[in-house]
1. Please work out the ratio of the alpha-carbon Rg of region 66-118 to 2.2 N^0.38 Å and round it to two decimals.
2. I want the local charge near V27. Using Cβ-Cβ distances under 10 Å, sum +1 for each Lys or Arg and -1 for each Asp or Glu among the other residues.
3. Given q = 0.12 Å⁻¹, what are the Debye log10 I(q)/I(0) values for region 2-133, with equal point scatterers placed on the Cα positions and solvent ignored?
4. Taking only Cα atoms, what is the 0 to 90° angle, nearest 10, from helix 111-133's long axis to the longest principal axis of the chain?
5. Could I have the simple spin-label model distance between D131 and A40, label points 7 Å from Cα toward Cβ, reported in nm to one decimal?
6. Sort R57, R119 so the one with the fewest other Cβ atoms within 10 Å of its own Cβ comes first.
7. Going through region 36-134, which GluC sites (Glu not before Pro) have at most 14 other Cβ atoms within 10 Å and a DSSP loop state?
8. Add -39500 (n - 2.57) for each DSSP H run of 4 or more in the chain, then divide by its residues: what number comes out at 222 nm, to the nearest 500 deg cm²/dmol?
Amino acid sequence: MRDVERTRRVRGTPAEVLRLLSPTTVVDWEGSFDVFDVDADGDDTVVTAGGTGVKLRLRFVELDDGYRYEQVGGGGPFEEMTTRLRVTAEDEGARVTAASSVAFGSPVPFADRVAAWKRGGELDRLLDRIDAET
């Protein structure tokens, strides 16, 4: 298991940033997968997404300051993946922090490093898009 974190100060206020975000936009803006389906499961949202040969489900929990989401079930690219997306006030704008823990579940010694590298790129794209939209 590897941890990866990215943070960025953006111009928009926390309220403005949070209005932009939804489970669908988060998956879209990470840039690796297309959204196939979105279902409510109690207070949670489950997004089914995928790409060439890969289909995964992500369970999103909306929090006061962002989201917590994780890959659920089999079929995704990771053995485990959890992410906490947090938006806090900073000066006249907001600080957006995305922290993930990932594991590939492969016996190859450096596989979790590759997973963290891939996840870091997704988080960078997400923050780039949030920054561009605010």
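Bear in mind that the values in this text are calculations on the coordinates, not laboratory data. As the structure is a prediction and not an experimental result, all values here were calculated from the model. Reconstructed Cβ throughout: ideal geometry from the backbone, glycine too, with neighbour counts over all protein chains shown.
1. Region 66-118 yields a ratio of 1.43.
2. Taking every other residue near V27 into account, the sum is -4.
3. Each listed q corresponds, in turn, to -0.44.
4. Between helix and principal axis, roughly 30 degrees.
5. In this crude label model, D131 to A40 measures out at 3.6 nm.
6. Fewest-to-most Cβ neighbours within 10 Å comes out as R57, R119.
7. Those satisfying the criteria are E92.
8. -9000 deg cm²/dmol
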